[in-house]
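Taking it in order: structure first as structure tokens, then the write-up.
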Amino acid sequence: MTHFMNRKDDMVTDAVDGALAASGGALSRLDGYPHIRVVVRSDWDKSRVALVSGGGSGHEPAHIGFVGRGMLTAAVCGDVFASPSVDAVLAGILAVTGPAGCLLIVKNYTGDRLNFGLAAERARAFGKKVSMVVVDDDIALPDVPQARGVAGTLFVHKVAGALAESGGDLDAVTRAAERVIAATHSIGMSLDTCTVPGSPKEVRIPAGMAELGLGIHGEAGFEQVRYETARQAIAAVSDKLDSAMKGSNYTVLLNNLGATSVLEMSVLAAELVKSGIGDRITLMVGPASLMTSLDMHGFSVSVYAPDPRDAALLRAPCGATAWPGCVELAPARVLPLPDGLAPIKALPSDHAATRALLVDCCEVLIAAEADLNALDARSGDGDTGSTLAGAARALIGALDALPLADHTQLYRAIGQELSQTMGGSSGVLLAIFFTAAGDASSSGMTMTDALRAGLDRMRQIGGANPGDRTMVDALLPALAALDQGLPEAARAARAGADHTATLTRAKAGRASYLNAGQLSGHVDPGAEAVARLFEHFAERTPA
């Protein structure tokens, strides 16, 4: 089982129960499990136009998360990626519709159109005033006769819901919904398909590729394109949207399709604002999970140009928990660092041999990035290689600003550079190491003794000792043997690093949280990095 569920057949009803429990009483459901799963506003009094939407489950928080004051009155939930039945939709309509009538907001899929459409006919036979709109905002397949309804549906919920909440009649609410549909365009991109509970995962998108224009039920997209960066991904999406956008003053909705991390979504938001359509965006909704496709690792972008009559409705407050609101885009403010934190840098100077040595060190770490990440993945969070390689690249970029001809100042400058560019505990500890080495060098110590003093200071503050399964296990014996030459120091570093594979208990770092079975046989990545550096320079030392 690859999902947190009890039984596949109970997953939707269990999820509805969870949403009700988390609502604090704001949401209720109709009786009729398991075939009728309708969630309604607990405070609904049928005095205004009701809004009913829904469809297959698996798109959460849509649609239950948008039930609340100023948005939906009821959400009808089908099985995962399957339209709810006619009876379920009819139950929702009859439960919430009063004299003011009801608007059905339906995404353009055959099952939804048929089931909601027939339910509307039956409700009218009961004497209910019911109108229906069909959302077709997806522009991925421009030549198909029936475009799909995707995340742009949420703009319809918001504008029509706000108008209904303010007392608009059924005709006015329906016309507003139709205006939004006509002015909304969406497209999505994903790096992977989704996993439907109880079904094998379809492996369709190869590594290094992304699918552009795929649907919210895992349907294949318009095309597969090479994926390189978030900027390139946003450019591909914005190019498609650009052809459908006329004028300016658009609101954009940046939607997480399910498994994209918050960190990634923030990167995508930054790129979207800088993209070719960024200068036409005035408001943003998200980034957030709004209409997902289970665990799809992707995103979608919806753009909507509000009619002047509807702009205020879009920004009106509402009680739906999943609606994040609209924010007006503004230039980012960058404030100066507080006094005393701006770094004081030594005067730069050049020294060809020192420059070559530093570049050589950095290139060793950059080349080892993947190997060190793989080692760290067995005992930590898999980022040691990236952390060291990132710092190495930053150091290469800063060489022209460093005092290369003054080794005492250079130690301190390297420490300062690492404290700014290298994250995690490693960055702090290495910054301490080089700063303390600089202080020792300024008192007249030799290079070897200065480095030993730096290591002593790093151990005092960091608390790591030999046998604790850290870089100290390789660095301490290497520096102890350095007076005997680089080959001997390299042998000592390698022996120390290899010894960490026999240690079944770490006393520092994230590895200290793991059990013996997870550590046994795996070299500490920090110690491995030290060993590789010494071995590299030992190989270049004349015999």
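The values are calculated or read from the model by the stated rules, or taken from the named source; none is laboratory data. If you're wondering where the values come from, they're calculated on a predicted model, not measured in any experiment. Neighbour counts run over all protein chains shown; Cβ positions are idealised from the backbone, glycine included. These area figures cover heavy atoms from the full protein model, side chains too; ligands, DNA and RNA do not enter into them. Shrake-Rupley method; radii C 1.70, N 1.55, O 1.52, S 1.80 Å.
As a length-normalised measure over Cα pairs under 8 Å and 6 or more apart, the relative contact order of the range 18-87 settles at 31 percent. Report relative contact order for the chain in percent, whole number only (criteria: Cα-Cα under 8 Å, sequence separation at least 6). For the chain, the relative contact order is 10 percent. Based on alpha-carbon atoms, the Kirkwood radius and the radius of gyration of the range 101-205 give Rg/Rh equal to 1.06. Based on C-alpha pairs under 8 angstrom that are at least 6 apart in sequence, the range 392-437 has a relative contact order of 35 percent. Rolling a 1.4 angstrom probe over the protein heavy atoms with all chains in place gives the range 68-112 an accessible area of 22 Å² per residue. Convex hull volume per residue, computed on the Cα atoms of the range 227-289, equals 80 Å³.
Once a ≥ b ≥ c are taken as the square roots of the eigenvalues of the Cα gyration tensor of the range 356-433, is the result rounded (a/c under 1.5), prolate (a/b larger than b/c) or oblate (a/b not larger than b/c)? The shape class here is prolate. Modelled spin-label separation between residue 361 and residue 201, with each label point placed 7 Å from Cα along the Cα-to-Cβ direction: 4.1 nm.
Across the alpha-carbon atoms of the range 77-146, the computed radius of gyration and Dmax are 13.2, 41 angstrom.
Per the Cα gyration tensor, the range 10-102 maps to an equivalent ellipsoid with semi-axes of 19, 15, 11 Å, ordered largest to smallest. When only alpha carbons are used to place a centre, the range 391-413 and the range 189-229 end up 44 Å from one another.
Partner lysines whose Cα lies under 19 Å from the Cα of residue 240, excluding those fewer than 8 positions away in the same chain, are identified as 274.
Accessible area per residue for the range 360-460 in Å², computed with a 1.4 Å probe and the full protein assembly in place, what is it?
Heavy-atom SASA per residue in the range 360-460 reads 42 Å².
The amide H of residue 80, built 1.01 Å from its N in the peptide plane, has 57 as neighbours under 5 Å, considering only residues 5 or more places off or on other chains. With all pairs of different C-alpha atoms in the average, the Kirkwood value for the hydrodynamic radius of the range 127-171 is 12.4 Å.
Taking label points 7 Å from Cα along the Cα-to-Cβ direction, residue 31 and residue 279 give a separation of 6.2 nm. Figure the gain on full extension for residue 484 and residue 110 (residue separation times 0.36 nm, minus the Cα-Cα span) and round it to one decimal in nm. 126.8 nm is the gain from fully extending residue 484 to residue 110.
Does the range 384-476 come out rounded, prolate or oblate, given a ≥ b ≥ c as the square roots of the eigenvalues of its C-alpha gyration tensor, rounded meaning a/c under 1.5 and, failing that, prolate meaning a/b above b/c?
It comes out oblate by the Cα gyration axes.
Within straight-line reach of residue 46, meaning a Cα separation under 13 Å, sit the following aspartates and glutamates at least 8 residues removed in sequence or on another chain: 165, 169.
Length gained on full extension, residue 14 to residue 394: 131.8 nm, using 0.36 nm per residue less the C-alpha separation. Checking the cross-link pairs 158/201; 107/201; 128/246; 8/129 against a 27 Å limit on the alpha carbon distance flags 158/201; 128/246; 8/129 as lying beyond it. Annotation: the range 291-406 has a Kirkwood hydrodynamic radius of 20.3 angstrom, from the mean reciprocal C-alpha pair distance.
If you take the beta carbon distance between residue 337 and residue 371 as r and set R0 to 45 Å, what does 1/(1 + (r/R0)^6) give as a FRET efficiency, to the nearest 0.05? For R0 = 45 Å, the calculated efficiency reads 0.80. Expressed as a whole percent, the accessible surface of the chain that belongs to carbon and sulfur atoms is 56, based on a 1.4 Å probe. With both residues required to sit in the chain, DSSP beta bridges show an antiparallel share near 55%. Rounded to the nearest angstrom and listed largest first, the equivalent-ellipsoid semi-axes of the chain from its Cα gyration tensor are 59, 26, 20. The length gained on full extension between residue 244 and residue 126, counted as 0.36 nm times the residue separation minus their Cα-Cα distance, comes to 38.4 nm.
Put 425, 441 in order of accessible area, highest first, and with a 1.4 Å probe you get 425, 441.
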